Amino acid sequence: MADILVTWYSRSGSTEAVARALAERLGGDAAPILTSASYGGAGGFIRGVWDSLRRRAPAIQTDADPAAYRLVVVAGPIWAGKPAAPLRSFLRRYGPRAKSIAAVCVSGSGGAYPAAFAEIEDLAGSRLAARLCLSQAEALSGEAGPILDEFVRELRGTQVAAA
């Protein structure tokens, strides 16, 4: 078992691609956040936006125990300017148990979303070691590689991801 966990929720697959690439760069374990709530298709997109606006936290499942890791990197989409509902569920349940947390968000626009990251910190009960927001276009193209490399350097600079 590695001492870094990269965990994610991905509705469309773009966040999963980023999370897996990041886990590989960090030499960390990778674990998806699963939910029985259906967010697929157009109806699921609308449900996701509604759940985020209402700050709902659907039931989730993950195989990893964040307390067992020195660093947990959470990744998820931004829905209506807020963290995706399954990411909110993960942070409520496991965030306070994590030793150190960093966050990666993927959005349609790739904006900075300071309020979303502030909410992630509130849910986790601690300040983030690092944060990154990518556009979906960056996530799905080769553009994310150098950005992820810089994020890994930032994490290593904070000493939470030192090899």
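For the pair residue 46 and residue 93 in one chain, pulling the backbone fully straight at 0.36 nm per residue adds 14.5 nm over the alpha carbon distance.
Cα centroid separation, region 99-128 to region 1-64: 14 Å. How are the Cα pair distances of region 4-157 distributed, in percent, across 5 Å bins from 0? Over region 4-157, the share of Cα pairs per 5 Å bin runs 2, 10, 22, 25, 23, 13, 5, 1, 0 percent.
Rounded to the nearest 20 debye, the dipole size of region 1-70 about its Cα centre is 420 debye, using +1 on the Cβ of Lys and Arg and -1 on the Cβ of Asp and Glu. Taking amide H positions as modeled 1.01 Å from N, with prolines and chain starts lacking one, the residues under 5 Å from residue 134 and 5 or more places away or on another chain are 105, 106, 107.
When only Cα pairs below 8 angstrom with a gap of at least 6 residues are kept, the chain shows a relative contact order of 23 percent. Estimated from helices alone, the mean residue ellipticity of the chain at 222 nm is -12500 deg cm²/dmol (sum of -39500 (n - 2.57) over DSSP H runs with n ≥ 4, per residue). Sorted ascending by nearby beta carbons within 10 Å, beginning with the fewest, 63, 149, 29 become 63, 149, 29. Using the average count of surrounding beta-carbon atoms within 10 Å as a protection proxy, the listed peptides 98-106, 118-126, 11-19 rank, highest first, as 98-106, 11-19, 118-126.
Please work out the FRET efficiency for the pair residue 2 and residue 34, using the Cβ-Cβ distance as r and a Förster radius of 30 Å; give the result to the nearest 0.05. Before the final figure, lay out the partial values.
Working: r = 20 Å, r/R0 = 0.68.
Efficiency, rounded to the nearest 0.05: 0.90.
Annotation: amide H-H contacts under 5 Å for residue 8 (H modelled 1.01 Å from N, sequence separation of 5 or more, or interchain): 31, 33, 75.
Each reported figure results from applying straightforward, stated rules to the coordinates on display, with no laboratory input. Just so it is clear, the model here is predicted, and its values are computed rather than measured. Because the Cβ atoms are built from the backbone with ideal geometry, glycine has one as well, and the counts that use them run over all protein chains shown.
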